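A short reminder: the numbers here are calculations on the coordinates, not readings from a lab. Quick caveat: nothing in here was measured; it's all calculated off a predicted structure. A quick note on method: Cβ atoms are made from the backbone with ideal geometry, for glycine too, and the neighbour counts reach across all protein chains shown.
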Amino acid sequence: MQKKSLFIGFVLILASTIKLQAQYTKQDSIYNKYFVGSTLFMLANLVPDNNPPNMVYLNLGYRITGKDVISLEFKTWKYGWPIGIPYGKSFEADGEGFPGYIREYGVSLAYYRFLWNGLFTQVDMMPAFQTFKNENGNKIDNGFQIFNTYSIGYHIKLFKDQFFIQPSIAITHRPYQSKMPDSFQRVDDKWSRFFYGQPGLHFGYNF
């Protein structure tokens, strides 16, 4: 997973070399209200390692105004280490993972506020249903959590605003987590419910 984060960071650097264009300014009297998109983080599904996310992500959005945007985001992924492990020697290290993995399914509601040109902040709240599986892939329990994301990023128009990309950086937070199986809970309790520096690179199509 650390390799994936470095990969995504590299993609963000490449994205920053693209000629930046502002979001929807006062001069933009007409723009597409709707968009559909996803995240390039799904490319991590193709990276061979011991923690593939098997992620599926779909984003449906609506621009209330040129500066205010809401979206519904449908997500599923799995992970074998506590989300709160910070970057460093413990990040996805042997001996720090769960005795199995967690598969999550969630639908989040996100609000974007554009501050200046394409610069935006985003708040995303996702209720997520969890399935806990052991090392043999057998289900051992169900769970539920609230997973929030607080992001800052930049909206880049492409191909006359038909498409866009949005590199970002985020803090993630779990304000609520139901009781985990004991073997998972002992591992998860060692770490914070916050994670700092989560990179992102969303892309989308306007219509």
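Each label point was placed 7 Å from the Cα along the Cα-to-Cβ direction; for Thr76 and Ala93 their separation is 3.4 nm.
Can you tell me the dipole magnitude for the chain around its Cα centre, using point charges on the Cβ only (Lys, Arg +1; Asp, Glu -1), in Debye to the nearest 20? Walk me through the intermediate numbers first.
On the way: 21 positive and 15 negative charges, 104 e Å.
For the chain, the charge dipole is close to 500 debye.
Cross-linked pairs Lys75/Lys190; Lys89/Lys190; Lys139/Lys179; Lys67/Lys157; Lys78/Lys190: Cα-Cα separations exceed 22 Å for Lys75/Lys190.
So what is the 222 nm mean residue ellipticity for the chain from helices alone, if each DSSP H run of at least 4 adds -39500 (n - 2.57) and you divide by all residues, rounding to the nearest 500 deg cm²/dmol?
On the way: 2 runs with 22 residues, N = 207.
That calculation yields -3000 deg cm²/dmol at 222 nm.
In units of 2.2 N^0.38 Å, what is the alpha-carbon radius of gyration of the chain?
Details: Rg = 17.9 Å, N = 207, 2.2 N^0.38 = 16.7 Å.
In units of the globular-protein estimate, the chain measures up at 1.07.
Residue order for Val69, Val187, fewest other beta carbons within 10 angstrom first, comes to Val187, Val69.
Note that the stretch 159-164 has calculated 3J(HN,Hα) couplings of 6, 6, 6, 6, 10, 8 Hz, one per residue in order, obtained from phi through the Karplus relation 6.51 cos²θ - 1.76 cosθ + 1.60 (θ = phi - 60°); glycine and proline are x. With the convex hull of the Cα atoms taken as the outline of the stretch 41-154, the averaged projected area works out to 8.3 nm². Counting every other Cβ atom within 10 Å of each residue's Cβ, Lys67, Lys157 order from fewest to most as Lys67, Lys157.
Summing charges over all other residues whose Cβ lies under 12 Å from the Cβ of Asp188, with Lys and Arg as +1 and Asp and Glu as -1, gives +2.
Each of Met55, Gly95, Leu72 was scored by the projection of its Cα onto the charge dipole of the stretch 44-98, and the greatest displacement toward the positive side belongs to Leu72; charges sit on the C-beta of Lys, Arg, Asp and Glu. Spatial offset of the stretch 114-156 relative to the stretch 158-207 amounts to 4 Å, using the alpha carbon center of each. Sparsely packed loop sites in the stretch 88-166 (the chymotrypsin sites (Phe, Trp or Tyr not before Pro) outside DSSP H, G, I, E and B with at most 16 other Cβ atoms within 10 Å) comprise Phe91, Phe159. For the chain, the longest principal axis of the Cα atoms and the long axis of helix 2-16 meet at an angle of about 10 degrees. Per-residue Karplus couplings for the stretch 101-109, computed as 6.51 cos²θ - 1.76 cosθ + 1.60 with θ equal to phi - 60°, are listed in order as 7, 10, 9, 10, 10, x, 10, 10, 10 Hz, Gly and Pro entered as x.
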